[in-house]
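Peer 1: Sharing a structure with you now.
The values are calculated or read from the model by the stated rules, or taken from the named source; none is laboratory data. Just so it is clear, the structure is predicted and the values come from calculations on it, not from any experiment. Don't worry about glycine lacking a Cβ; one is built from the backbone with ideal geometry, like all the others, and counts go over all protein chains shown.
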Amino acid sequence: MDAYNWDYSEYSDILHIHKKDHATKGSVELGDFTLDFGNHDEVIGIEIEHASEFFHNVGVDKNSLSDIQDTQ
């Protein structure tokens, strides 16, 4: 399984998830989401604007998002 970097900015309320050691070839914006693509056109990252609003219905708040750590 690939490892991911997770970065959440409480100030701007943006969650960014990206595969470690993968360079972004291009991106596309879809509303509050930005998808990053790698060299083989695979999704290697996602950015979610207004993340606390997006995750509100499943009980995830800004404090919980701030506690997210990188995964392996």
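Peer 1: So the check is Cβ under 8 Å with 6+ separation or different chains; which pairs have a first residue in the range 41-54 that's of a type in the set (Ser, Thr, Tyr) and a second one that's outside any strand (DSSP E or B)?
Peer 2: Pairs found: SER52/ASP13; SER52/VAL60; SER52/ASP61; SER52/LYS62; SER52/LEU65.
Peer 1: While we're here: Quick one: what pairs do we get from the range 18-31, first residue of a type outside the set (A, V, I, L, M, F, W, C), second exposed (fewer than 13 other Cβ atoms within 10 Å of the Cβ), C-beta under 7 Å, 6+ apart or different chains?
Peer 2: So the pair list comes out as LYS19/ASP2; LYS20/ALA3; LYS25/ASN39.
Peer 1: Output yes when any residue across the range 49-61 is at pLDDT 95 or above and touching a Ser or Thr at 6+ places or on another chain (Cβ under 6 Å), and no when none is.
Peer 2: The answer is no; no qualifying residue exists.
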